[in-house]
Amino acid sequence: MSDAPRVERTESRLPIGERADGSMISLPVIRFAGGPGRELFIGVSIHGDEITGQASLWRVAAWLEQSALHGTVTAVPVMNPEGFNYNVRGIPGTTHDLNRAYPGSPDGDTHERITAAVTALARAADAAIDVHTAAHCMPYILLDPVADPALARTTEELARATGITTIEEFTSERYEATGLAASLPPAVHEAGKPAFTLELAGSGNVAWDQAEAGAVGLRNAIRHLGIVTDEREAIHGVPVHATDGHHRRAVFTERGGIVEFTVRPGDDLARGQRMGRVRDVWGRVVEEVLAPANGFVIGLTAQGATWTGGYVAEIATRD
């Protein structure tokens with residue numbers, strides 16, 4: 001008989017509070033426990049319309065149930081149940097972005113109570129992965145700035161072990177302006193533990209062609225932590241770029257209309273290269289959208305319409 005640790009799967013709900021009608025707000029929690037070892041936290045759908053990671057999690061769960069576990073994987077497949085129920089980013093009727101509300105407050109507003117509960121689960125683990133989607137994108141990992149060199153190194157090692165393209169967050173000025181210091185990874189870093197964001201494709205839908213790539217990346221992270229000890233998998237079917245000092249950079253439009261892209265996620269870029277055109281309501285080309293730097297495309301908006309200051313694309317660049 002095998003002496004491999006038996007996998008115990010448990011499902012529970014973590015209560016947050018009540019809705020106006022008295023029904024309960026709660027977070028679904030799935031825990032896969034084996035023998036002694038490290039723990040990984042995986043959170044999905046803090047933005048309620050970002051759901052591809054849930055399909056990745058199904059695949060990870062099926063694999064874990066057939067594996068020998070030396071440790072624990074704790075997953076919250078829906079961290080924002082209110083947004084998920086209505087397929088919206090935040091909480092219906094509010095303007096709160098839950099991914100700008102960490103570490104939260106257990107006696108604060110509803111969204112702060114949700115993020116406080118998520119923070120507690122993530123900090124209780126040895127590492128955390130926050131799974132998002134970024135419209136029409138290639139899979140990529142975002143590394144937040146970390147002051148402690150040892151923690152920064154440990155975080156990057158875990159990220160690169162996934163096999164998914166790994167880049168750094170926005171440069172400091174935009175990082176602060178967009179409130180990303182109040183996202184989940186920095187809250188976990190404060191506890192001295194590695195954490196990062198995994199972005200997959202999707203915008204209110206499951207990008208089925210990337211669900212498996214996301215699952216492979218998560219399985220490789222679990223392997224890196226020693227929770228499962230089988231062989232690492234390669235990422236297939238999606239772009240993967242070798243990176244060194246690349247960071248995320250936004251691309252905006254100056255004119256209003258509909259944007260027609262001439263590049264795809266994963267394509268290499270040269271500074272000044274055309275990424276797309278903006279056409280006005282008469283069908284005239286009113287703007288050429290040009291790459292602001294050398295690098296490669298990581299994501300394109302799923303919206304057709306744009307305007308002055310429209311956020312239409314993201315690139316990875318070393319410039």
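Values for this structure:
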| read-out | value |
| --- | --- |
| R153-R264 FRET efficiency (beta carbon distance; Förster radius 41 Å; 0.05 resolution) | 0.80 |
| Net lengthening on full extension, R59/N87 (0.36 nm per residue, minus Cα-Cα) | 7.9 nm |
| Proximal charge balance of F196 [Cβ under 9 Å; K/R count +1, D/E count -1] | -3 |
| Span-rule helices in the chain, defined as complete DSSP H runs reaching 20 Å or more along the axis (Cα) with Kyte mean at least -1.0 | 52-65, 110-124, 208-224 |
| The range 127-185 - accessible surface per residue (Å², probe 1.4 Å) | 36 Å² |
| Using θ = phi - 60° and Karplus 6.51 cos²θ - 1.76 cosθ + 1.60, couplings along the range 283-296 (whole Hz; Gly, Pro as x) | x, 7, 6, 10, 7, 9, 7, 10, 5, x, 6, 5, x, 8 |
| Karplus (6.51, -1.76, 1.60) ³J(HN,Hα), θ = phi - 60°, over the range 303-309, in Hz, Gly and Pro reported as x | 7, x, 6, 9, 7, 4, x |
| Placed amide H near F170: partners under 5 Å, 5+ positions off or other chain | R248 |
| Separation of the T95 and T229 label points, Cα + 7 Å toward Cβ, nm | 5.4 nm |
| Exposure of T110 as accessible area (Å², to 10), given a probe of 1.4 Å and all protein chains | 50 Å² |
| The range 6-24 and the range 210-261: distance between their alpha carbon centers, rounded to Å | 31 Å |
| For A293, residues with placed amide H under 5 Å, excluding near neighbours | G272 |
| Qualifying chymotrypsin sites (Phe, Trp or Tyr not before Pro) in the range 265-319, DSSP loop, other Cβ atoms within 10 Å at most 11 | W282 |
| Built amide H within the under 5 Å cut-off of V238, gap 5+ | none |
| Contact order normalised by residue count of the chain, Cα under 8 Å, 6+ apart, percent | 17 percent |
| Residue-count net charge about I141 - beta-carbon cut-off 11 Å; Lys, Arg +1, Asp, Glu -1 | -4 |
| Sparse-neighbour loop sites [trypsin sites (Lys or Arg not before Pro); the range 278-319; at most 15 other C-beta within 10 Å; DSSP] | R284, R318 |
| Shape of the range 106-260, Cα gyration tensor, a/c cut at 1.5 | rounded |
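The values are calculated or read from the model by the stated rules, or taken from the named source; none is laboratory data. All values derive from a computational prediction rather than experimental measurement. Neighbour counts run over all protein chains shown; Cβ positions are idealised from the backbone, glycine included. Just so you know, the surface numbers come from the protein's heavy atoms only, side chains and all, with ligands and any DNA or RNA stripped out. Shrake-Rupley method; radii C 1.70, N 1.55, O 1.52, S 1.80 Å.
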